[in-house]
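Colleague: Got a structure for you, questions after.
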Amino acid sequence: MTLHLDDLRVRHLGECHHDSPLADLVADKKTSPHYVSEGDRVLLDDTVSMLDRRGMAPGDLPSFEAAGPRRKIYFDPAEVTAGIVTCGGLCPGLNDVIRGLVQELTVQYDVKRILGFRNGFRGLTARHRHDTVDLTPDVVRDIHKSGGTILGSSRGGQDVEEMVDTLVLRGVNVLFVVGGDGGMNAATNLAAAIRSRGLDIAVIGVPKTIDNDLPYTDQSFGFQSAFAQAANFISSVSIEASASPDGIGIVKLMGRHSGFIACYASLARNAADVVLIPEVPFRLEGPDGLLARVERHVREKGFVVIVVAEGAGQDLLAERGLLQGGATDASGNAKLGDIGLLLREIISAHLTEVGLSPTVRYIDPSYAIRSVTANAYDSVYCLRLAHNAVHAAMAGRTETAVVRWRRRFVHVPMPLIISHRNQVDPDGDLWMSVQEATGGLVAPSDGRKLERPGVPERPGAGVVAG
Ligand SMILES: Nc1ncnc2c1ncn2[C@@H]1O[C@H](COP(=O)(O)OP(=O)(O)O)[C@@H](O)[C@H]1O
Ligand SMILES: O=P(O)(O)OC[C@H]1O[C@](O)(COP(=O)(O)O)[C@@H](O)[C@@H]1O
Ligand SMILES: [Mg+2]
């Protein structure tokens with residue numbers, strides 16, 4: 001998809017006439033390596049060759065509006081009622097975002113009324129619209145010390161007009177939606193319905209996903225905390241596998257369509273011998289297939305550690321009739337088959353057949369990963385996203401997501417956030433790092449040639465076969 005400057009312009013509700021309480025803070029600020037001044041823009045591309053290929057004057061290059069406080073704002077804070085909703089699967093840092101939004105709205109902008117809608121968009125339906133939480137600095141003071149979301153979350157569709165009615169009935173003129181692709185889709189529809197009714201309500205998105213599968217953001221909040229926790233499970237399985245004769249360690253990690261958690265968690269411990277992700281289909285059979293590679297590892301080193309993203313190898317499950325074709329959850333997300341269980345069965349059978357005596361250690365940590373408390377890095381990240389989301393809303397931006405792009409906080413039109421999925425690029429440098437760390441790949445099922453098969457020496461990897 002080729003993006004142009006106009007695709008990256010965000011919607012405004014109107015002119016900003018009110019003095020911002022933060023005007024003095026930004027009055028003399030200029031763009032520097034550590035600040036982007038109001039009105040300046042952040043480039044989409046970041047290499048000389050990409051810019052060169054565009055062949056444009058700097059002002060015409062595709063770029064994002066910088067986030068941050070403005071000198072003038074659109075809303076009179078005394079007239080603002082803010083709403084907050086968290087939706088979809090959990091992710092570390094949701095409470096940090098809620099806390100940051102509430103603190104910034106109240107302390108900096110003196111907004112007096114903030115409603116927390118319960119259990120995702122379900123909380124905006126007619127049935128639940130009056131069951132809200134009054135969010136104050138006191139209520140949110142310590143919530144970042146726990147994972148999850150104090151507001152609750154949910155999957156499943158709701159009527160968009162009914163949700164707009166809720167905003168009108170509850171007097172909400174600024175809504176913050178913390179959600180993933182589904183949540184951003186719903187927020188986009190909501191904003192469109194608001195626009196078609198001519199209402200003065202801003203909808204600001206804070207993109208959320210532990211799968212890190214949303215585009216136009218450096219890395220989603222909570223992702224670091226999630227993969228750090230995932231890495232602990234890889235260590236556990238590695239220790240178990242290395243202490244067992246012909247040990248097979250398998251860790252299945254979340255990642256429906258994108259294998260970022262599997263890649264990062266594997267790199268964090270450098271204990272994985274094989275990493276399987278949805279973006280790179282793999283073969284079981286043949287000299288470079290998974291089974292041969294696993295067998296080689298076990299024979300040469302005594303054990304093997306496999307990290308598999310839940311969305312990997314779904315074709316293998318389908319071939320075996322282990323997928324309910326077209327089955328989806330309440331939000332329309334595809335229901336996956338259990339690749340971890342299939343690998344456990346197939347690998348055990350193969351190794352037994354070739355005369356080994358495998359001991360399999362299989363962990364599926366699932367919710368134990370995404371429910372953790374945000375680490376210090378993610379807490380800071382969430383707080384800064386929240387501050388910028390509040391600035392965007394008060395400045396009358398709408399249908400806009402607040403993200404960090406190439407280290408700068410920027411505004412992205414919501415439709416772009418759902419325009420495609422962020423995935424591990426098999427030709428990109430992350431996958432290259434995984435290849436370097438694991439010493440090669442399982443043969444791809446698309447017939448591409450392997451470049452570097454082999455078993456690398458890993459310091460501290462444990463038992464080496466004699
Ligand atoms: N394509 C869609 N269009 C409109 N609303 C959607 C869409 N997909 C999901 N939603 C709504 O967004 C909410 C969250 O979506 P879900 O896919 O469960 O999680 P996430 O936001 O984390 O991706 C759900 O309540 C669902 O109804
Ligand atoms: O059991 P649930 O809630 O459907 O969640 C499972 C899915 O949630 C995820 O964490 C992604 O969540 P989102 O769809 O909310 O982004 C996936 O990794 C996983 O497949
Ligand atoms: Mg999703």
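The values are calculated or read from the model by the stated rules, or taken from the named source; none is laboratory data. Everything numeric in this text was worked out from a predicted model, so none of it was measured. Cβ: placed from backbone, ideal geometry, glycine included. Neighbour counts: every protein chain shown. Remember, those area values only see protein heavy atoms, side chains included, never the ligands or the DNA or RNA. Shrake-Rupley method; radii C 1.70, N 1.55, O 1.52, S 1.80 Å.
Colleague: So is Leu167 touching a residue at least 60 places away in the same chain (Cβ under 8 Å) and crowded, with 24+ Cβ neighbours inside 10 Å or not?
Modeller: Details: touching a residue at least 60 places away in the same chain (Cβ under 8 Å): yes; crowded, with 24+ Cβ neighbours inside 10 Å: yes.
In short, yes.
Colleague: Counting only residues that are open to solvent by 30 Å² or more (accessible area, probe 1.4 Å) and within 16 Å of ligand 2 (Cβ to nearest atom), which one in the stretch 255-278 is farthest from the chain's Cα centre (by Cα)?
Modeller: That would be Pro278.
Colleague: Can you tell me which of Ile150, Ile194 is away from ligand 3 (no atom under 16 Å from the Cβ), touching a strand residue (DSSP E or B) at 6+ places or on another chain (Cβ under 9 Å) and open to solvent by 40 Å² or more (accessible area, probe 1.4 Å)?
Modeller: Being away from ligand 3 (no atom under 16 Å from the Cβ), touching a strand residue (DSSP E or B) at 6+ places or on another chain (Cβ under 9 Å) and open to solvent by 40 Å² or more (accessible area, probe 1.4 Å) holds for just one of Ile150, Ile194, which is Ile150.
Colleague: Pick from the stretch 287-300 the residues that are open to solvent by 40 Å² or more (accessible area, probe 1.4 Å) and outside any helix (DSSP H, G or I): which of them is farthest from Ser433 (Cα to Cα)?
Modeller: Kept after step one, since they are open to solvent by 40 Å² or more (accessible area, probe 1.4 Å), are these residues of the stretch 287-300: 287-288, 296, 299-300.
Going one step further and asking which of them are outside any helix (DSSP H, G or I), we end up with 287-288.
Numbers: Pro287: 23, Asp288: 19 Å.
Checked the stretch 287-300; the qualifying residue farthest from Ser433 (Cα to Cα) is Pro287.
Colleague: Quick check on the stretch 401-421. Is at least one of its residues at pLDDT 95 or above, open to solvent by 20 Å² or more (accessible area, probe 1.4 Å), part of a helix (DSSP H, G or I) and under 30 Å from Asp40 (Cα atoms)?
Modeller: Checking the stretch 401-421: at least one residue is at pLDDT 95 or above, open to solvent by 20 Å² or more (accessible area, probe 1.4 Å), part of a helix (DSSP H, G or I) and under 30 Å from Asp40 (Cα atoms).
Colleague: Residue under question is Phe227, and the condition is that it be within 16 Å of ligand 3 (Cβ to nearest atom), in contact with a Phe, Trp or Tyr (Cβ under 7 Å, 6 or more places away or on another chain) and either under 26 Å from Arg421 (Cα atoms) or at pLDDT below 95 (or both); does it hold?
Modeller: no
Residue-by-condition table, conditions (1) free of Cβ contacts under 8 Å to residues at least 40 places away in the same chain; (2) in contact with a Pro (Cβ under 7 Å, 6 or more places away or on another chain):
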site	(1), (2)
Leu5	no, yes
Gly14	no, no
Asp24	yes, no
Tyr35	yes, no
Asp40	yes, no
Asp46	no, no
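Colleague: Of (1) touching a strand residue (DSSP E or B) at 6+ places or on another chain (Cβ under 6 Å); (2) buried (at least 24 other Cβ atoms within 10 Å of the Cβ), Ala226 satisfies all except one. Which?
Modeller: (1)
Colleague: Can you say whether Asp200 is part of a loop (DSSP other than H, G, I, E, B) and either over 9 Å from the mean Cα position of the chain (by Cα) or away from ligand 3 (no atom under 16 Å from the Cβ) (or both), as far as the supplied structure shows?
Modeller: Here the answer is yes, as Asp200 does meet what is asked.
Colleague: Would you mind stating whether Leu323 is assigned to a loop (DSSP other than H, G, I, E, B), open to solvent by 50 Å² or more (accessible area, probe 1.4 Å) and assigned by TED's automatic domain parsing to the domain that holds Leu291?
Modeller: Yes: the conditions hold for Leu323.
Colleague: Let me ask something additional. Please indicate, with yes or no, whether at least one residue in the stretch 348-357 is part of a helix (DSSP H, G or I), open to solvent by 10 Å² or more (accessible area, probe 1.4 Å) and within 15 Å of ligand 2 (Cβ to nearest atom).
Modeller: Here is the first cut: in the stretch 348-357, the ones part of a helix (DSSP H, G or I) are 348-353.
Still in the list and also open to solvent by 10 Å² or more (accessible area, probe 1.4 Å): 348-350, 352-353.
With the extra rule that they be within 15 Å of ligand 2 (Cβ to nearest atom), the set shrinks to none.
No, every residue in the stretch 348-357 fails to be part of a helix (DSSP H, G or I), open to solvent by 10 Å² or more (accessible area, probe 1.4 Å) and within 15 Å of ligand 2 (Cβ to nearest atom).
Colleague: Looking at (1) open to solvent by 10 Å² or more (accessible area, probe 1.4 Å); (2) within 16 Å of ligand 3 (Cβ to nearest atom), can you tell me which one Asn232 breaks?
Modeller: Condition not satisfied by Asn232: (2).
Colleague: Another one. Do the conditions hold for Glu79, that is, is it open to solvent by 30 Å² or more (accessible area, probe 1.4 Å), in the same structural domain as Gln158 (by TED's automatic domain parsing) and either among the acidic types (Asp, Glu) or under 25 Å from the mean Cα position of the chain (by Cα) (or both)?
Modeller: Spelling it out, Glu79 is indeed open to solvent by 30 Å² or more (accessible area, probe 1.4 Å), in the same structural domain as Gln158 (by TED's automatic domain parsing) and either among the acidic types (Asp, Glu) or under 25 Å from the mean Cα position of the chain (by Cα) (or both).
Colleague: Still on this structure: If we keep just the residues of the stretch 387-430 that are polar (S, T, N, Q) and in contact with a Ser or Thr (Cβ under 9 Å, 6 or more places away or on another chain), which is nearest to Ile114 (Cα to Cα)?
Modeller: Within the stretch 387-430, the match that is nearest to Ile114 (Cα to Cα) is Asn422.
Colleague: Counting only residues that are open to solvent by 60 Å² or more (accessible area, probe 1.4 Å) and within 28 Å of the chain's Cα centre (by Cα), how many does the stretch 1-38 have?
Modeller: The number of residues fulfilling the criteria is 11.
Colleague: Does Gly454 satisfy the condition of being farther than 18 Å from Val178 by Cβ, modelled with pLDDT under 95 and surrounded by fewer than 23 Cβ atoms within 10 Å (Cβ to Cβ)?
Modeller: For Gly454, the condition - farther than 18 Å from Val178 by Cβ, modelled with pLDDT under 95 and surrounded by fewer than 23 Cβ atoms within 10 Å (Cβ to Cβ) - is met.
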